[in-house]
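The values are calculated or read from the model by the stated rules, or taken from the named source; none is laboratory data. Treat the numbers as computed from the prediction; the structure is a model and nothing was measured. Cβ placement follows ideal geometry from the backbone for every residue including glycine, while neighbour counts extend to all protein chains displayed. Surface accessibility is based on the protein's heavy atoms, side chains included, excluding ligands, DNA and RNA. Shrake-Rupley method; radii C 1.70, N 1.55, O 1.52, S 1.80 Å.
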Amino acid sequence: MKRWWWLLAFLMLVPALAQTEKPLLVGGTVLTAEYPGGFGVSYVEARPFAQALGLMYWASDGEVILGLGSRRLRFVVTPVPRSKTALKKLVVSESPPALRRGERVLLPVRYTARAFGALYSGSETSLKVLLPDAEMQGFEHRVIGGRDVVVLRTSRDVNALRDGAGWWLLGLRAGESVRDVPGLYLSRVRFAPGEYGTRVYLDGSEGWPVDVAYFPGEVRFYVGPPAERRAEDPPLVVIDPGHGGTDVGARYGNLFEKDLTLKVAREAAARLRRMGYRVELTRDRDEQVSVYARTQWAARADVFVSLHVAGSEVVSPGPALYTYANVGADAPVFVAHARKLLARPGYPEVLARYARPARSVSALADRFEYELGRLGLTPRRGETPLYLLSYAPGAAVLFEMGALRDAGDRARLADPAQQSAYAQVIARAVDAYLRGGR
Ligand SMILES: [Zn+2]
């Protein structure tokens with residue numbers, strides 16, 4: 001009985017102690033945990049936290065995505081509500097949102113740590129988050145579809161970062177070793193332990209395309225030109241109808257973004273097929289498709305078009321075109337260690353995986369703009385580091401067809417004739433782009 005009372009007193013004391021800021025230790029980095037509203041839920045500034053944990057970090061206006069190998073965690077960024085009750089409801093919920101406080105974006109520490117399998121511990125005076133080192137658990141070489149495939153199995157997901165002649169597997173602990181690989185392109189695979197993880201060298205891959213794919217607990221390197229693509233094959237156009245299933249996207253009354261994107265995508269696909277292109281949809285029915293699956297589609301496409309409709313977050317009405325061509329200042333952010341690597345001279349290829357001929361993207365968006373102009377519409381254009389687009393090696397555009405909260409846009413989006421017109425815009429723009437080359 002007495003113990004029970006002590007526990008109760010302790011539970012009441014904890015929130016009281018948790019009102020102020022505390023140091024947050026992430027590996028060797030000291031950050032500051034804060035407690036919006038004083039509800040005992042710790043938050044930390046997003047970008048430095050992601051860096052310290054070695055996560056990929058992607059931010060656009062309304063969302064933040066973190067990545068570790070095959071794992072993705074997406075946050076909607078919500079301004080800190082004025083009402084304390086509303087704030088409490090958010091921060092104590094099962095999946096707390098990211099909070100925007102002025103210029104800063106804050107992430108819930110414990111929730112984020114758990115999502116990536118990091119250890120979280122707290123005391124009255126400080127918090128700790130630690131991502132355990134990954135251990136190497138398996139190595140395999142196969143030949144699939146005319147390419148060498150190196151499969152590395154790891155005890156947890158890791159990020160692979162291109163580094164000149166090799167790849168850094170960040171946070172991976174592995175001994176120095178050499179594997180002879182009788183491959184189509186590869187002769188051997190070498191592992192060299194380093195300060196931040198393990199470097200992998202794929203001997204024989206020089207001059208050949210190398211793609212990285214992540215699966216749970218696996219990093220795969222695909223070496224050599226993709227075999228499924230023969231010279232005589234027509235280009236592959238992938239259309240990505242945004243949202244689906246329980247993720248309805250923007251909505252207004254009984255108009256759902258997920259339905260509108262699917263309708264237009266299907267018709268655009270039919271038109272492009274009639275034009276002779278290979279076309280795939282990331283979904284052809286009302287189902288949820290993970291961002292990860294969508295990126296896998298994007299990675300194979302010559303042209304990738306993601307379709308969306310804006311909800312209430314958009315201030316100005318009308319269609320918009322978003323592209324992500326530039327790997328400059330706003331490129332995905334890797335760990336602090338990776339930043340050090342980036343700072344070394346002769347290091348432009350680090351983000352080569354995310355780069356593409358800059359002109360190809362703007363050329364595709366130009367074609368969209370031209371076709372929309374024929375409908376009397378002037379799209380807004382934006383350059384934003386969208387996670388999905390960054391995975392497309394070909395030309396990629398996110399086409400936002402209008403804003404549901406705008407009456408004019410809404411009427412257009414709900415009208416089947418206008419939906420057809422949008423499908424035609426897509427088909428013509430893609431066709432013009434592919435005919436015109438880069
Ligand atoms: Zn959307």
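Quick notes on this one:
- Under 5 Å, built H, 5+ apart or other chain: amide partners of V77: E63, V64
- Accessible-area composition of segment 168-210, carbon plus sulfur, in percent [1.4 Å probe]: 47
- Excluding ligands, DNA and RNA, the accessible surface per residue across segment 51-170 is 45 Å² with a 1.4 Å probe.
- Summing +1 for each Lys or Arg and -1 for each Asp or Glu among the other residues whose beta-carbon sits under 13 angstrom from that of R374 gives 0.
- Summed residue charge, Cβ within 9 Å of L404's Cβ, Lys/Arg positive, Asp/Glu negative: 0
- Pairwise label distance in nanometres, E206 with I144, each label 7 Å out on the Cα-Cβ vector: 2.8
- Backbone geometry of segment 71-84 corresponds, through the Karplus equation with coefficients 6.51, -1.76 and 1.60 at θ = phi - 60°, to 3J(HN,Hα) couplings of 8, 10, 10, 10, 10, 7, 8, 10, x, 4, x, 5, 6, 5 Hz, x marking Gly and Pro.
- Sparsely packed trypsin sites (Lys or Arg not before Pro) within segment 81-149, loop by DSSP, other Cβ within 10 Å at most 10: R82
- Distance between the pseudo-spin-label points of E135 and R274 (7 Å out from Cα toward the beta carbon): 6.0 nm.
- Residue ranking by accessible heavy-atom surface, 1.4 Å probe, largest first, among Y292, Y111, Y433, Y370 comes out as Y370, Y111, Y292, Y433.
- Cβ-based net charge around D415, under 15 Å, with every Lys or Arg adding one and every Asp or Glu removing one: -1
- Of all accessible heavy-atom area on segment 18-130, the percent that carbon and sulfur account for (1.4 Å): 50
- Using a simple spin-label model with pseudo-atoms 7 Å out from Cα toward Cβ, S187 and D286 lie 5.8 nm apart.
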